[in-house]
Amino acid sequence: MSNSVIINDASLPFSSSVDCKSELEDFFEIIHYADSSGVRFNQADDRHGNWNTLNYAEGFVFGEWINHIDKNISLIVKNVISKVHCPIIELEEDKREALSGMLFMLSRDRNLEVTSLGVASNIDSHAISFLSHNNWASNPISIVRQWEENEEWKEQLIDVPNISSLE
């Protein structure tokens, strides 16, 4: 297992601002702990942005939230957003090309594309998920990798190690 994690961007947004507020502190504590332990962060796609501008939930304003949380948690979150850039893209070009002909879907809901989990499985990494839905609470998360070979679609069930809590 590599010493890196990939943020599961499919685990955003939360279904409500209330759910987001109740779970986001834990997510940033996980990121802080991982960063303090020397874990590298990868992002599976080419989205650029930062922690402040991610779509956490409809009606959720990151700046307001950070100003109203516990002071110790606020320091942790501010430490993360100042040290851990979001997203950090560290996948080499050859790995991106190898994945270009594949589709990755959540096994329990094939309508949900989970590219970042597919990338995590291919580079022998863990995923880290926002706890926005029960789909992201399990460890591992089962996904389906689908690709075309000799004009025929092939499938493989894959279990991806997932982190969604400090426990």
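Considered as a group, the residues in the range 25-51 that are outside any helix (DSSP H, G or I) and modelled with pLDDT of 80 or more include one that is nearest to residue 14 (Cα to Cα), and that residue is 39. Within the range 103-125, the set of residues being at pLDDT 90 or above, in contact with a helix residue (DSSP H, G or I) (Cβ under 6 Å, 6 or more places away or on another chain) and not in a strand (DSSP E or B) comprises just one member, 114. Checking each residue in the range 121-142 for being closer than 17 Å to residue 99 by Cβ and polar (S, T, N, Q) picks out 121, 122, 125.
The values are calculated or read from the model by the stated rules, or taken from the named source; none is laboratory data. Just so you know, these numbers come straight off a predicted model, no measurement behind them. Note: ideal-geometry Cβ built from the backbone for every residue, glycine included; neighbour counts use all protein chains shown.
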